[in-house]
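Student: Please read through the structure below; I'll follow up with questions.
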Amino acid sequence: MDFALSDEQKAIRDTARSFIRKEVMPLEQELLRRERAHQPGLTRDELRELQSRARKFGFWGLSTPQEYGGMDLPAVTQSLIWTEIGRTILPFRFGGEADNILYHANEQQRREYLLPTIEGDRISCFAITEPGAGSDAANIKLSARRDGDDWILNGEKTFITNGNDADFAIVVGVNDPERGVRGGGTTAFLVDRAMGWRSEFIQTMGEGGPASLVFEDVRVPGRNVLGEVGQGFELGMQWIGRGRYIIPSHGLGIAERALQMAIDHANTRETFGRPIATNQAIQWMIADSETELEAARWLVLRAAWTVDQGVDPRHSSSMAKLYGAGMINRVVDRVLQIHGGMGYTRELPIERWYRQVRLMRIYEGTDEMQRLIISRDLLRGYTTIGGHLG
Ligand SMILES: Cc1cc2nc3c(=O)[nH]c(=O)nc-3n(C[C@H](O)[C@H](O)[C@H](O)COP(=O)(O)OP(=O)(O)OC[C@H]3O[C@@H](n4cnc5c(N)ncnc54)[C@H](O)[C@@H]3O)c2cc1C
């Protein structure tokens, strides 16, 4: 058994780390200042400028196939890079990416949607959740009715990331209620905002926020079906699957940075004439955080490795998402505690992380849904305890 990263993995990770440190982190104080003034922390143009600088460093399209100009990196390397991104509080990501399911596009859709999304000229959002269907995504109701060559969409989607900025949405609707959602009765559509849907921003405890999307007799041409008619739910699950190792990979970077801040603070902050680090209460918070962080790291890397092996990653990804999301919430909570009153202020990024990471336990499958998947796999015998060791 070899837990070491390859030289190539280390080189890519170190280059990403250096880019984040030199080009992105210097903007953090300005981001905090703007957010304190209730302004957007990073504009779209600023993000694009950073992404084009990163492109010159060689970072463009981490998961994008090489034929589209991307790096097409293995999942383990992508996971390592997302951990580096997590170290900065900026809502930064490398450019050149498109939703994984957009690669089901046909030739015309490639030109109209996929390529401009990769280039950053168009913004997409993915919409499956509805007011009456979140965890129970199979309960979606947005209706897609055929009308000649077109489709007419009616219904509402909610909590859609980028929903207020996107100029097109990938929308999963029900075209055949008889067959049902799991029986091939759903379809994914590429729907331009110009086709008539509207969005409403939803205020959340995080910075930025998702939107609800309203469809009232929105006419979509038949050529805008993504993939096959009847494949919508399957595509939706593919989209969600990817986030299950990316989200905790990102969380690892936040936890590493936050924990280091706590260590530095504990060594320098003095109470009763000595550094707070000399108290066992503080030492235990640091020890528990490091132990949980390390446990999450290996769950996450194994989930990514499973993707690279071409083996069904659902079980390992659910464990990585469940434990990773919980770990980062516990670590940030302890880091805030170690900083005392300063941790609670908006001068430091800690209270921002505290609000931000709470989402990780909810979206792309709540904690409870991950537990449902993990236990179901075992109870039904789809997987055996430790079976992956052979
Ligand atoms: C900021 C944000 C961004 C999002 N981005 C997107 C996006 O881009 N696209 C998109 O389609 N969706 C998105 N979502 C939606 C997200 O995936 C859902 O909110 C999530 O799946 C939970 O669904 P829900 O909110 O309807 O909660 P519910 O499903 O109503 O669940 C409520 C609670 O009950 C628990 N629960 C439900 N069923 C069970 C059960 N059987 N057993 C035990 N416990 C159960 C849940 O775990 C949860 O704790 C986003 C959400 C947020 C908050």
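The values are calculated or read from the model by the stated rules, or taken from the named source; none is laboratory data. This structure is a prediction, so every number in the text was calculated from the model and none was measured. Heads up, the Cβs are rebuilt from the backbone with ideal geometry, glycines too, and the neighbour counts pull from every protein chain shown. Only protein heavy atoms, including side chains, enter the accessible area calculation; ligands, DNA and RNA are left aside. Shrake-Rupley method; radii C 1.70, N 1.55, O 1.52, S 1.80 Å.
Student: Using only the Cα atoms of the chain, what are the Rg and Dmax in Å?
Tutor: That works out to 21.9, 80 Å for Rg and Dmax.
Student: Right, another one. At 1.4 Å probe size, with no ligands or nucleic acids counted, give the accessible surface of SER6 in Å², nearest ten.
Tutor: Number for this one is 50 Å².
Student: Taking the 0 to 90 degree range and rounding to the nearest ten, how far is the long axis of helix 367-379 tilted relative to the main principal axis of the chain, both from C-alpha atoms?
Tutor: With rounding to tens, the tilt is 80 degrees.
Student: If you don't mind, another one. Which angle between 0 and 90 degrees, to the nearest 10, do you get for helix 232-268 versus the longest principal axis of the chain when only C-alpha atoms count?
Tutor: 10 degrees
Student: Please give the residues of the stretch 178-206, grouped as numeric ranges, whose backbone N is less than 19 Å from a label point set 7 Å along the Cα-to-Cβ vector of ARG110.
Tutor: Counting backbone N atoms under 19 Å from the label point, the list is 190.
Student: Here is a follow-up. If a/c stays under 1.5 just call it rounded; otherwise compare a/b with b/c (prolate if a/b is bigger, oblate if not). Do that for the stretch 101-214, with a ≥ b ≥ c from the square roots of the Cα gyration tensor eigenvalues. Show your work: numbers first, answer last.
Tutor: Numbers: a/c = 1.74, a/b = 1.08, b/c = 1.62.
Verdict is oblate for the stretch 101-214.
Student: Checking the a/c ratio against 1.5 first, then a/b against b/c, what shape does the Cα gyration tensor give for the stretch 108-165?
Tutor: Values: a/c = 2.72, a/b = 1.31, b/c = 2.08.
Oblate is the answer for the stretch 108-165, as a/c is 1.5 or above yet b/c matches or exceeds a/b.
Student: Accessible area per residue for the stretch 125-268 in Å², computed with a 1.4 Å probe and the full protein assembly in place, what is it?
Tutor: Values: 6030 Å² over 144 residues.
It amounts to 42 Å² per residue over the stretch 125-268.
Student: How far apart, in nanometres, would the label points at ASN100 and LEU47 be if each is projected 7 angstrom from Cα along the Cα-to-Cβ direction?
Tutor: Taking the two extended label points, one gets 2.0 nm.
Student: Further question on the same structure: By the gyration tensor of its Cα atoms, with a ≥ b ≥ c the square roots of the eigenvalues, what is the shape of the stretch 72-147: rounded for a/c under 1.5, prolate for a/b over b/c, or oblate?
Tutor: Working: a/c = 2.31, a/b = 1.37, b/c = 1.68.
Oblate is the answer for the stretch 72-147, as a/c is 1.5 or above yet b/c matches or exceeds a/b.
Student: Let me ask something else. Report, in degrees rounded to the nearest 10, the 0 to 90 angle that the Cα long axis of helix 314-339 makes with the longest principal axis of the chain.
Tutor: The helix 314-339 is inclined about 40 degrees to the chain.
Student: Can you give the charge dipole size of the stretch 217-268 about its Cα centre, rounded to the nearest 20 debye, using +1 on the beta carbon of Lys and Arg and -1 on the beta carbon of Asp and Glu? Walk me through the numbers on the way to the answer.
Tutor: On the way: 5 positive and 5 negative charges, 25 e Å.
For the stretch 217-268, the charge dipole is close to 120 debye.
Student: Which length gain, in nm to one decimal place, applies between GLN283 and ASP14 when the Cα-Cα distance is subtracted from 0.36 nm times their residue separation?
Tutor: On the way: separation 269, 0.36 × 269 = 96.84 nm, distance 2.93 nm.
Full extension of this stretch gives 93.9 nm more.
Student: Restricting to lysines 8 or more places apart or on different chains, can you count the pairs in the chain with Cα atoms under 27 Å from each other?
Tutor: Details: LYS10/LYS22; LYS10/LYS56; LYS10/LYS321; LYS22/LYS56; LYS141/LYS157; LYS157/LYS321.
The result is 6.
Student: With a point put 7 Å past each Cα toward its Cβ, work out how far ALA37 is from MET25 in nm, to one decimal.
Tutor: Between ALA37 and MET25, the simple spin-label model gives 2.5 nm.
Student: Sticking with this one: How big is the stretch 259-390 along each principal axis, measuring the range of its Cα positions in Å and listing the largest first?
Tutor: Extents along the principal axes: 58, 28, 26 Å.
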